[in-house]
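Report on the structure given below.
What follows draws every value from the coordinates through simple rules; no lab data is involved. All figures in this text were calculated on a predicted structure; none of them were measured in a lab. Virtual Cβ from ideal backbone geometry, glycine too; neighbours counted across all protein chains shown.
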Amino acid sequence: MAADFTVTTDLGKITIVEDVISMVAGNAAIECAGIVAMASKRATDGIVELLGRENMRRGVRVQTTEEGAAIDLFIIVEYGVAISAVATTVVETVKYRVETLAGVTVSKINVTVEGIRV
């Protein structure tokens, strides 16, 4: 069940759907150096498929917590890069973009490297 993020202001209420947070997070992640693509596992057979920009949110899972948004990213990295450095950059970039563009507090970000592409 998807929950929305709501921000209340003096003028009214702003509601942001989890799909929007997924798109912002996916776009921020794919722009990081060392990321080749977002990944999505097919539930039936566990095969990883590369996702283009049009399906960016399928490589991102957003959950609502009391502290804010918990974001899971599934990525494919470029061969030869330092995976830990790329993951750290992705976490910092996604957190910054989601919090500044959507105004949603990010409680945690989990990065899963699904593969390496040569």
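Computed values, structure above
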quantity: Cut-off under 5 Å, modelled amide H: who pairs with residue 115 long-range; calculated: 77
quantity: Protection proxy ranking of 105-113, 71-79 - average other beta-carbon atoms within 10 Å, highest first; calculated: 71-79, 105-113
quantity: Fully extended contour minus Cα-Cα distance, from residue 65 to residue 85, at 0.36 nm per residue; calculated: 4.5 nm
